[in-house]
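The next block holds one structure in the form of structure tokens; read it before the comments.
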Amino acid sequence: MAIITMRQAISDALWEEMERDPKVFILGEEVGVWGGTYAVTKGFLDHFGEKRVRDTPIAESAIVGAGIGAAMVGLRPVSEIMTINFAFVAMDYIVNEAPKMHTMFGGQMKVPLVIRTAGGGGRQLGATHSQTPDAIFAHFPGLKVVSPGTPEDAKGLLKAAIRDDDPVLFIEHAAMYQVRGEVPEGDYTTPIGVSKVQREGDAVTIVTYCKGLQLSMAAADQLSQEGIEVEIVDLRSLRPLDMGPALASFKKTNRAVIVEEGWPSYGVGAEVATRLYEAAFDYADAPVKRVAQKEVPLPYNAALEQFALPQVADVVAAVKEVL
């Protein structure tokens, strides 16, 4: 298998889907001439033309709203929101319009819309540009929310999202575009709503996703040197949320740590912990531990920002705490 960056995997998925299906087109700020804020769509305008690569004004509501309209008449738009922090501007369209069309119109209408966006901190972009509000969007039924932690899943999940008949929010981590990993050759999709065991172990179950997976894998390497083998379950999709592998692992290890970059209050970790307790309380040999961002607006100062974000050392400490 080829080893490529997360950026290349996402770009390849978009390119291949646009080649495969003429109904797929992209729209967003700087996606055309500039090639995207993170260079994911570089070269797309020259190859696919202005009709299928649409630069838009700085108007997130219009980017998503136009995508919804296009999807309702049979196209498969990919609306790019430069950062998930700007998605709040288009909140009504994302959570109150796109996810509800199908049910409100008695199943007569589909909205095959993908909203690509980037979140996360660690790049000194300040409190309003570094948030990880994934759980907010995963709260709403009708909207699928996925967030890959490897290049392989980034490509497979994005291709699956574009082919899906429901609206999908595709969240990338802005600090992971240079992460490299193996990606299968040829056309493939990764099913939405299916978690995966990324590393096997028997001491503690770590449930995580996106950048949390990278932290957890690094922590697992350190712990392994001390004879502690953790099992890592990558959620990959936050809605629908597949708890099967996490529950099976928890019943084997009897201990769990949940790693996420968002704030812990009302977050993904809170949801996963509750579901573990609801379905497997009798298997718990220790309280479920959460590793997440400190509950402050993320500082601009580099040292303070890193202090507020979850680190590998935090994951290692949490695992040892539940042993």
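Every number in this text was worked out from the coordinates using simple rules, so none of it is lab data. Quick caveat, the model's predicted, so the values are computed rather than measured. FYI the Cβ positions are ideal-geometry reconstructions off the backbone, even for glycines, and counts take in every protein chain you see.
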Residue-span extension gain [residue 23 to residue 139] - 0.36 nm each, minus C-alpha spacing: 38.8 nm
Rounded to the nearest 5, the percent of DSSP beta bridges in the chain running antiparallel is 20
Restricting to Cα pairs under 8 Å and 6 or more apart, the percent relative contact order of the range 181-275 works out to 36
Under Stokes-Einstein, with the Kirkwood radius over Cα pairs standing in for Rh, what whole-number D in µm²/s applies to the chain at 25 °C and 0.890 mPa s? 123
Would you mind calculating the relative contact order of the range 38-155 from Cα pairs under 8 angstrom and at least 6 residues apart, reporting the percent as a whole number? 23
Amide H of residue 116: which non-local residues (sequence gap of 5 or more, or other chain) have their own amide H closer than 5 Å, using H built in the peptide plane? 79, 80, 81, 170
Most to least packed among 113-125, 177-189 [average Cβ atoms within 10 Å]: 113-125, 177-189
Decide, for the range 166-323, between rounded, prolate and oblate: order the square roots of the alpha carbon gyration tensor eigenvalues as a ≥ b ≥ c, take rounded if a/c falls under 1.5, and otherwise choose prolate if a/b is larger than b/c, else oblate. rounded
Helix-only mean residue ellipticity at 222 nm for the chain, each DSSP H run of n ≥ 4 adding -39500 (n - 2.57), per residue, nearest 500: -10000 deg cm²/dmol
Assuming 0.36 nm per residue, please report the length gained on full extension of the stretch residue 282 to residue 55 beyond their Cα-Cα distance. 76.3 nm
Please enumerate, by chain and number, the aspartates and glutamates with C-alpha under 12 Å from the C-alpha of residue 294, excluding those fewer than 8 residues away in the same chain. 260, 261, 305, 314
Among 237, 318, 300, pick out the residue whose Cα is farthest towards the positive end of the charge dipole of the chain, where Lys and Arg carry +1 and Asp and Glu carry -1 on C-beta, about the Cα centre. 237
Taking amide hydrogens as modeled 1.01 Å from N in the peptide plane, which residues meet the under 5 Å criterion relative to residue 236, leaving out close sequence neighbours? 210
Taking the dipole of the chain about the Cα centre (Lys, Arg +1; Asp, Glu -1; charges at Cβ), the one of 213, 148, 266 that reaches farthest to the positive side is 266
Quick check: the distance between the Cα centres of the range 64-94 and the range 19-49, to the nearest angstrom? 15
Using alpha-carbon positions, what is the distance between the centroids of the range 150-222 and the range 293-323, in Å? 21
Sorted by mean Cβ packing within 10 Å, highest first, what order do the peptides 203-211, 88-96, 292-300 take? 203-211, 88-96, 292-300
Considering only 36, 68, 86, whose Cα is most displaced toward the positive end of the charge dipole of the range 1-119, charges sitting on Cβ of Lys, Arg (+1) and Asp, Glu (-1)? 68
Step through the residues of the range 232-240 one at a time and calculate ³J(HN,Hα) from phi using the Karplus curve (6.51 cos²θ - 1.76 cosθ + 1.60, θ = phi - 60°), rounding each to whole Hz and writing x for Gly and Pro. 10, 10, 9, 5, 6, 10, 8, 8, x
Enumerate the amide H contacts of residue 25 below 5 Å, restricted to partners 5 or more residues apart or on another chain; note that Pro and chain-start residues carry no placed amide H. 76, 78
Rounded to 0.05, the calculated FRET efficiency for the beta carbons of residue 62 and residue 105 at R₀ = 30 Å is 0.85
Note the angle between two axes, namely the Cα long axis of helix 268-280 and the longest principal axis of the Cα atoms of the chain, as a number of degrees from 0 to 90, rounded to the nearest 10. 60
Can you give me the relative contact order of the chain as a percent, contacts being Cα pairs under 8 Å and 6 or more apart? 16
Tell me the angle of helix 151-163 to the major Cα principal axis of the chain, expressed in degrees between 0 and 90 and rounded to the nearest ten. 50
Given +1 on the Cβ of Lys and Arg, -1 on the Cβ of Asp and Glu, and no further charges, what dipole in debye does the chain carry about its Cα centre, rounded to the nearest 20? 360
Spin-label point model (7 Å from Cα, Cβ direction): what's the residue 321 to residue 295 distance in nm? 1.4
Tell me which lysines have Cα within less than 22 Å of residue 159's Cα, excluding those fewer than 8 residues away on the same chain? 23, 42, 51, 110, 144, 196, 211
